[in-house]
1. Take the residues in region 44-56 that are in a loop (DSSP other than H, G, I, E, B) and over 23 Å from residue 290 (Cα atoms); name whichever of them is most open to solvent (accessible area, probe 1.4 Å).
2. Please indicate, with yes or no, whether at least one residue in region 142-162 is small (Gly, Ala, Ser), under 18 Å from residue 229 (Cβ atoms) and away from the ligand (no atom under 16 Å from the Cβ).
3. Filtering region 187-236 down to residues that are of a type in the set (S, T, N, Q) and open to solvent by less than 20 Å² (accessible area, probe 1.4 Å), which residue is farthest from the chain's Cα centre (by Cα)?
Amino acid sequence: MTKAGRSVSAECAEFNGSGQCTLIPSHGPESAVPKRVRVDSYPTQEKYGWVWVFLGDLPESERPKIPELFPEYEDTAGWHRIPYGFEAKANWMRFEENSLDTAHTQFVHRAFGSKRTPKLENFPIETREWGAKVTRTKPAPKPDQKTGKMAELLSVERRTTTVTLEFSLVGLCHRIQPTFKEGMSQINFTARTPIDQKRSRAIGWQARNYLKEPEHDAERMAQILIAVEEDLSVVETVVPPLTPPSLTDEFLVETDSMEVAFRKACWKWANKGWEIDMDKFEELSKSNVLVIPSPERRADPKNWVHKSIPLKPVGSRPGE
Ligand SMILES: [Fe+2]
């Protein structure tokens with residue numbers, strides 16, 4: 001016996017795509033379910049092979065669009081791509097700052113850090129509504145730092161590598177594109193998700209316009225994992241583990257301009273009253289299930305079982 005095609009032997013409550021409970025098993029399928037038995041549901045969109053979730057309560061007309069940071073995803077003839085994913089025992093801001101820091105590659109990464117000089121030229125960055133972009137030319141690594149097929153392709157001495165880097169707070173994603181030489185480039189497109197204050201998850205695509213045969217994937221993946229381990233050895237041990245509350249609490253230099261842009265972007269939106277108050281959250285979480293409010297909760301704020309997360313007040317972060 002079914003109701004609306006549903007098995008009545010279900011052992012769990014059932015919910016529809018809007019988050020409304022449609023079945024309480026102990027009440028049976030004929031029993032009406034009160035409206036209050038519902039959970040927040042969030043808008044989703046598929047793009048770049050992933051499902052993107054908008055974790056917020058803005059109506060559709062006010063939601064920012066997923067950034068167009070990886071158009072090469074559709075160009076499967078020109079770019080061969082492989083997926084990767086990893087976690088860090090690090091706060092999401094610290095984790096992202098690691099990727100945006102163009103100076104660290106010179107001394108953290110064996111294969112693509114330059115052993116010639118750590119000095120970088122300073123290049124102006126372009127700020128965007130939700131992020132920033134920079135293109136930097138830096139000293140290239142020596143040919144003997146490369147291994148495998150990359151060593152063959154880059155056996156001739158090079159002076160520089162050009163790296164374009166762009167991030168967006170929407171989706172908390174970034175694109176890093178080094179161009180090794182004319183016609184030889186790769187893109188790392190990565191999105192991050194906070195798990196909690198001290199753990200983060202990353203997923204990404206690496207696309208390359210060289211060595212496009214799948215037989216080279218294993219070597220490229222091995223190099224990605226080496227670079228990840230090198231980054232984690234730094235970002236998981238950085239002190240303090242959370243980004244300081246103001247720019248003057250650390251000594252930031254000119255080549256930290258992307259990290260500064262990232263912090264300012266985070267604080268800009270935090271100042272709208274969109275930042276979770278984590279101290280209150282941890283206290284309230286001891287005896288409450290707390291959820292990020294959804295568009296439905298904003299439109300109909302009464303009659304919810306779970307409470308909304310506590311937010312910091314408007315203007316609680318440094319301004320411009
Ligand atoms: Fe790195």
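1. 49
2. Yes, there is a match, as at least one residue in region 142-162 is small (Gly, Ala, Ser), under 18 Å from residue 229 (Cβ atoms) and away from the ligand (no atom under 16 Å from the Cβ).
3. Checked region 187-236; the qualifying residue farthest from the chain's Cα centre (by Cα) is 206.
The values are calculated or read from the model by the stated rules, or taken from the named source; none is laboratory data. Computed from a predicted structure; not experimentally measured. Please note: Cβ atoms are built from the backbone with ideal geometry, for glycine as well, and neighbour counts cover all protein chains shown. Areas reflect the complete protein model, heavy atoms only, side chains present, ligands, DNA and RNA absent. Shrake-Rupley method; radii C 1.70, N 1.55, O 1.52, S 1.80 Å.
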